[in-house]
Amino acid sequence: MAAELKPRTAEQTQAVRREEQPRYFQPAADIAETADAVILKLDMPGVAKEDVDITIDKDMLSIVGKAQPEEAGEPVYRETYVGDYRRQFTLASDVNRNDISAAMSDGVLTVTIGKAEKIKPKKIKIAAAS
């Protein structure tokens, strides 16, 4: 016996157009380490500092940037797209979650995460024997 076919509802037949789906980009990131901090630099062109959201939940650092589309007329041809940026990083146990700062300049977000005191290099003085 052939499988029974049922008519689809209107909700099932509506396809989401590709242009209507939100675009999320993963910004390119550079990570550097100094004696006192870990420094992340993320490229997020078109994003103002007011449109960046940085959160920490457990061991996950999440960065979201919302780019504002240019309002210079109706596009005729397009090779570039505007969308939100999203990136997540797992934080190591040797960073200080209370010592995080961020700055935005020319489309580059710099996040500085301080290292915990227990892992910073420490110089040991040698005392003279008496």
> For LYS115, which aspartates and glutamates qualify as cross-link partners when the Cα separation must be under 17 Å and same-chain residues fewer than eight apart are set aside?
Replying inline: GLU33, ASP36, ASP59, ASP94, ASP99
> For the residue pair VAL76 and LYS118, what label-to-label distance in nm results when each label sits 7 Å from Cα along the Cα-to-beta-carbon direction?
Replying inline: 6.4 nm
> What's the exposure ranking of VAL82, VAL95, VAL111, going from fewest to most Cβ atoms within 10 Å?
Replying inline: VAL82, VAL95, VAL111
> Using the count of nearby Cβ atoms within 10 Å as a rough guide to exposure, how do LYS125, LYS41 rank from fewest to most?
Replying inline: LYS125, LYS41
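Where a number appears in this text, it was derived from the coordinates with a stated rule and is not lab data. Model, not experiment: these values are computed from the prediction. Glycine also receives a Cβ, built like all others from the backbone with ideal geometry; neighbour counts cover every protein chain displayed.
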